[in-house]
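The values are calculated or read from the model by the stated rules, or taken from the named source; none is laboratory data. From a predicted model like this one, the values you see are computed outputs, not experimental measurements. Cβ placement follows ideal geometry from the backbone for every residue including glycine, while neighbour counts extend to all protein chains displayed. To get the accessible areas, we keep the full protein, side chains included, count just its heavy atoms, and leave off ligands, DNA and RNA. Shrake-Rupley method; radii C 1.70, N 1.55, O 1.52, S 1.80 Å.
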Amino acid sequence: MRATELSELAAFAAVARHKSFRKAGEERGVTASAVSHAVLNLEDRIGVRLLNRTTRSVSLTEAGELLVSHLAPAFGEMAAALDALNRYRDTPFGRVRINVPNSIGPFVIGRVIAPLIERNPNLQLEINATDRLVDIVEEGFDAGIRFGERVTEGMIALRIKPRIRLVVVGSPGYFERRPRPETPHELKLHLCIQNMFPSGARYAWEFEKDGQTVSFQPTGPLSLDDHELMMQAALGGVGLAYIWEPRVAKAIADGELVQVLDDWCQPEEPLYLYYPSRRHMSAGFRAVIEAIRAE
C-alpha cells in the first residue's frame, strides 16, 4: 500500500470518528479542506461513496460503516505496534490528549504540566479544558478527568485527587449590606450568582450537615458558566457565589472574600483519571498518568 493511500484511509477514519472534517483536521494537524480532499480521493479511487455530506452534518454510508469496521482493528494494531517500540526509547514521546473540566483544571493538573514537559521533552501534551460532557473515545482523547459519578461505564478509572468542595463566598462590601446566612434556607434572602452548565442548564447548590441535605436553586440576576467569572463577580459585590474552594482560597485568606456556611459545604465525589481499556499503553501516556496521580 502506498503512503498516500494509507494517509487517505487515516483521514477517512478520523472523519468517521468525529463526524466532522474540522475535528478530523485538528486531530491530524491539517486543514479541514485537506481532510476532505483526501477522503474524496479515496472515494474516487475505490469508486464507492463512503460519507453522506450536508452543510451541517457528516454521516457514514453503509459502505463507509463496513470500511470503518475493518479499519478500526487494523489501525489499533498499528498503534499498538508503534507503542510497543517505546520501551526502546530513553524518554516517552508522542502526543497525548487529555480532557479536563475547565472549572477545576488549573488546580487539578496546573502544577503537573511544567515538570512533566521538562522531564519528557519529546512529549506533546494537548489539554482540552471544557465543562461540557465529552465522549473521550468519540472525540479522540487518550483520557479524561471527571468526578466519580460522571465517569463513563466500562472505563478504567484511577482516583487522582483528595476530595474537593464547593463553598459559598461573598465580598466584605456585600455583607455590609446584608447579614451572613447561618443556614442554606436563608440564601433565599440573598442575591446569588447562578451556576450554569455549558448547555445553559442551571444547577442547584447542594448542602449537607448532620445527615440533613438541602438543595437550593438560586434565582439571582446573574448566571455564569465560568468559575473565574463567578469569583470576579463575587469580588465585585454582585452577590454570593458557589465556587470551588481552591479557586477562592487566596482571596479568602487575603480578606477579599468572606466564606459562609462552611459547616454545610461537604466535599464532592472523588476525582478520577479515566481512559478506555487497552492492551498497550504508550510510554508517553504512562508518564502523564504517573505525573497526575503523583500530584
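Counting the residues of the stretch 279-293 that are touching a residue at least 12 places away in the same chain (Cβ under 8 Å) and over 17 Å from the mean Cα position of the chain (by Cα) gives 9.
The residue of the stretch 231-268 that is surrounded by the most Cβ atoms within 10 Å (Cβ to Cβ), among those that are over 19 Å from PHE216 (Cα atoms) and among the charged types (D, E, K, R), is ARG247. Just one residue in the set THR219, THR183 is loosely packed, with under 15 Cβ neighbours inside 10 Å and in contact with a Phe, Trp or Tyr (Cβ under 9 Å, 6 or more places away or on another chain); that residue is THR183.
Tallying residues that are open to solvent by less than 50 Å² (accessible area, probe 1.4 Å), in contact with a Leu (Cβ under 9 Å, 6 or more places away or on another chain) and not aliphatic (A, V, I, L, M) within the stretch 269-295 yields 4. With VAL112, VAL100, VAL68, VAL96 as the choices, which residue is within 19 Å of GLY144 (Cβ to Cβ), of a type in the set (A, V, I, L, M) and touching a Lys or Arg at 6+ places or on another chain (Cβ under 9 Å)? Exactly one residue qualifies, and that residue is VAL100.
Scanning the stretch 120-138 for residues that are over 20 Å from ALA291 (Cα atoms), free of Cβ contacts under 8 Å to residues at least 40 places away in the same chain and charged (D, E, K, R) gives a single hit, ASP135. Open to solvent by 20 Å² or more (accessible area, probe 1.4 Å), of a type in the set (A, V, I, L, M), under 19 Å from ALA233 (Cβ atoms) and in contact (Cβ under 8 Å) with a residue 12 or more places away in the chain: does that describe MET155? Taking the combined requirement at face value, the residue does not satisfy it.
If you go through the stretch 186-216 and keep only what is more than 23 Å from the chain's Cα centre (by Cα), closer than 15 Å to ASP262 by Cα, crowded, with 16+ Cβ neighbours inside 10 Å and not aliphatic (A, V, I, L, M), you end up with just PHE207.
Of the residues in the stretch 162-171, not one is assigned to a strand (DSSP E or B), touching a Lys or Arg at 6+ places or on another chain (Cβ under 7 Å), open to solvent by less than 30 Å² (accessible area, probe 1.4 Å) and closer than 23 Å to GLY110 by Cα. The set of residues from the stretch 181-209 being touching a helix residue (DSSP H, G or I) at 6+ places or on another chain (Cβ under 9 Å) and either assigned to a loop (DSSP other than H, G, I, E, B) or not charged (D, E, K, R) (or both) comprises PRO181, THR183, PRO184, HIS190, LEU191, ILE193, ASN195, TRP205, PHE207. Among the residues of the stretch 257-288, those identified as assigned to a loop (DSSP other than H, G, I, E, B) and touching a helix residue (DSSP H, G or I) at 6+ places or on another chain (Cβ under 6 Å) are LEU257, GLU269, PRO270, HIS280, SER282.
Only one of the numbered conditions (1) in contact with a Cys (Cβ under 7 Å, 6 or more places away or on another chain); (2) of a type in the set (A, V, I, L, M, F, W, C); (3) at pLDDT below 85 is violated by MET155, and that is (1). When residues in the stretch 1-48 are screened for being in contact with an Asp or Glu (Cβ under 6 Å, 6 or more places away or on another chain) and more than 18 Å from ALA74 (Cβ to Cβ), 1 of them pass.
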